[in-house]
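Following: one structure in structure tokens, then a few remarks.
The values are calculated or read from the model by the stated rules, or taken from the named source; none is laboratory data. A quick note: this is a predicted structure, and the numbers were derived from the prediction, not measured. These accessible areas exclude ligands, DNA and RNA; they are computed on the full protein's heavy atoms, side chains included. Shrake-Rupley method; radii C 1.70, N 1.55, O 1.52, S 1.80 Å.
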Amino acid sequence: MVTFYGRQFSSRLLIGTALYPSPAVMQQAIRASGAEIVTVSLRREAAGGKAGNAFWSLINELGVTVLPNTAGCRTVREAVTTAKLARELFGTPWIKLEVIADDETLQPDVVGLVEVLPEPVESATGDFTWSPDSNWLFWIWRDDNGRPAKIFRRPARGGTGDDVLVYEEPDDGFFLSIGRTSSDAYIVIGAGDRQCDHRRELRLERSI
């Protein structure tokens with residue numbers, strides 16, 4: 001068994017979904033491999049239409065975890081946009097980052113890949129959401145006891161020095177959560193314990 005970010009898998013193998021002679025062969029190969037994580041390129045597979053729907057149906061039948069990737073992206077901007085699209089489409093913070101440097105060899109752009117990666121956020125819970133224009137990241141900070149206690153805002157291309165405190169929970173028995181309404185008009189800040197929950201809504205402007 002191997003654990004990735006709190007999830008357990010029986011296989012360490014990751015397998016791709018590109019360049020198979022047919023969808024049936026792809027499905028057979030994934031089953032035979034025993035892999036439980038499958039990488040999918042959003043730029044190579046249509047998200048809609050008959051072809052795209054047929055592809056996703058095959059993947060869903062396998063019951064595997066989808067790891068979206070940015071294969072086919074040649075610039076930092078393309079990779080970031082594709083990663084954000086994958087997050088919304090699959091509802092997952094997992095992403096396999098790729099930036100291509102050479103069209104013939106498909107060798108990666110190491111410098112560009114580093115530019116895509118944001119500065120690590122220390123003491124974060126992993127819960128986050130974006131402003132509607134994707135210019136701002138809202139994330140949750142943990143205290144020394146591991147309690148989600150504060151919510152910060154950071155520019156999408158910013159660093160730790162750019163963080164702004166949005167909300168701090170005064171009750172040390174309450175744990176924070178964060179999300180967005182379906183209309184994208186508000187950020188929802190949840191605070192609760194085993195007995196009760198409170199919700200606060202922060203209206204999001206297109207430019208904060």
Practice prompt. Report the full-extension gain for the segment residue 75 to residue 10: residue separation times 0.36 nm, less the Cα-Cα distance, to one decimal in nm.
Written response: 19.9 nm
Worksheet item: What ranking of 85, 19 comes out by heavy-atom accessible area, probe 1.4 Å, highest first?
Response: 19, 85
Worksheet item: Can you list residues whose amide H is under 5 Å from residue 127's amide H, if they're 5+ apart or on another chain and H is modeled 1.01 Å from N?
Response: 140
Fill in: Under-5 Å amide H pairs with residue 101, H placed in peptide plane, nonlocal only
107, 109
Discussion item. Report the gain in length on full extension from residue 60 to residue 102: 0.36 nm times residue separation, minus Cα-Cα distance, nm rounded to one decimal.
Written reply: 11.8 nm
